[in-house]
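Derivation of every value follows stated rules applied to the coordinates shown; laboratory data play no part. What you see is a predicted model, and the numbers here were worked out from it, not measured in a lab. Using ideal geometry, Cβ is built from the backbone for each residue, glycine included, and neighbour counts are taken over all protein chains shown.
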Amino acid sequence: NFEIVIETLTIKTTRTDHSRLAELDKTNLPFGKYFTDHMFVADYEDGEWKNFAIVPYGPIPMSPASSVIHYGQTIFEGLKAYRQADGSVSVFRAGKNLERMNKSAVRMAMPTLPEEIFMQGLAALIDIDRAWVPDIENYSLYIRPTMFATDAFLGVRPSLTYKFMILMSPSAPYYSKPLKVKIETKYTRSVDGGVGAAKTAGNYAMAMLPTVKAHEEGFDQLIWTDAKEHKYVEESGAANLMFVVDGKILTPEVRETILDGVTRDTVIQLAKSTGYEVEERRVSIHEVLEYAESGRLTEAFAVGTAATITQIYEMNYEGKAYPLTDLSTRTVSNGILAKLNQIRYGLTADEFGWNWIL
Ligand code: PLP
Ligand code: COI
């Protein structure tokens, strides 16, 4: 948990006069498609954050010259709120997302966001749209804080004004089934000295074409490799990656080309506390494929907030398929997922202090 709040924020609240909640089919919530009745907004002007407000979810007025549209100064986060067994709502590890958002902000020459704005804005928004938090197993309220540059100016320099918003979307998990992945050796997601560790739009935009091509070839997702040699595993572009080899968890170490995932950290902590060894280091493709062929690789999975823990059932490297172990044998990842779900939904003691109950 984070230290609670020094100052109290004044948030101007305008409630919608027509809630859309009754129109929502709560059993059919594709990831990121529906949004709650309200959003939190704030502006950065004259060197400070101001105009804190909760307003009905809807279009925002912007200049067509807004620098975000032209030069892409924009960052975002993704976290989730879960309906607890007792009906309350828990936001999972929000402090980690704020920390990472501020790292992204620094890399993109954007202003950082004080803790009280992020936390109190989020708490007030959850409170007003509390009824939107799903109560179906594996569903959650996906929370999307976003900050972007709003100067109406075509010169290339950091914007002097920004908008911060928090949107919320009741959602099913991002992936509905296990993944068949292509190990990408042509295109590159991220380079040393680049922005791969920042959660910024460009990282997702540049991945669109290679991902579309992979879909056309029959794959669900890519595994990105390092830019220099295409020899080391990086991440999947919407999640980090983990392998189980000889009963140990092996995962690429966090570096400046990889997003430092909150779920990755969560899974590592849970794995260690369950007694598994976790190795964080550079992981070569050839090593992983060799383990797959020799039977030493017993599990491979993606970990992320939207993705949760998603199994990988087949990897493909330069045209050769590497089918992986039967999904029903994946006891390490499924055990960790079960424990994680117990914590997130408030069904067991929150021994790590990850839940922020609202
Ligand atoms: N890598 C990328 C590029 C992502 O977009 C995400 C999702 O947020 C992750 C990794 C996993 O990070 P987290 O577990 O914090 O959601
Ligand atoms: C998340 O897991 O929060 C993400 O940002 C992944 C995504 C881009 C849908």
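Just a few scattered comments:
- GluC sites (Glu not before Pro) restricted to DSSP loop in region 187-259 with at most 14 other C-beta within 10 Å: Glu217, Glu229, Glu253
- Normalised by residue count, the chain yields a Cα convex hull volume of 146 Å³ per residue.
- Candidates per GluC sites (Glu not before Pro) in region 10-59, loop by DSSP, up to 11 other Cβ within 10 Å: none
- Pairs of alpha carbons in region 252-358 whose separation is greater than 22 Å (percent): 39
- In percent, rounded to a whole number, the relative contact order of the chain is 19, using alpha-carbon pairs under 8 Å and six or more apart.
- Axis angle, to the nearest 10 degrees, between helix 331-344 and the longest C-alpha principal axis of the chain: 20 degrees.
- Over all other residues within a Cβ to Cβ distance under 15 Å of Arg189, the charged ones net out to -1, with Lys and Arg as +1 and Asp and Glu as -1.
- Per-residue Cβ neighbour rank within 10 angstrom, fewest leading, Val262, Val156: Val156, Val262
- Top of Thr16, Thr150, Thr200 by mean-square fluctuation, Gaussian network on the chain, Cα under 10 Å: Thr16
- Nearest-0.05 FRET efficiency for Glu351 and Glu279, computed from C-beta distance (R0 25 Å): 0.60
- Cα-based helix-to-principal-axis angle, 94-107 vs the chain, degrees rounded to 10: 90
- Sparse-neighbour loop sites [trypsin sites (Lys or Arg not before Pro); region 198-288; at most 12 other C-beta within 10 Å; DSSP]: Lys228
- Cα centroid of region 65-116 to Cα centroid of region 11-26, whole Å: 22
- Residue among Tyr317, Gly193, Gly87 farthest towards the positive dipole end of the chain, charges placed on Cβ: Tyr317
- Packing-based ranking, highest mean first, of 121-128, 339-346, 299-306 given that Cβ atoms within 10 Å are counted: 299-306, 121-128, 339-346
- Among the listed pairs Lys96/Lys213; Lys26/Lys50; Lys228/Lys272; Lys177/Lys339; Lys231/Lys272, those beyond 24 Å (Cα-Cα): Lys96/Lys213; Lys26/Lys50; Lys228/Lys272; Lys231/Lys272
- Remark: the Lys213-Lys12 segment gains 67.8 nm on full extension, using 0.36 nm per residue and subtracting the alpha carbon distance.
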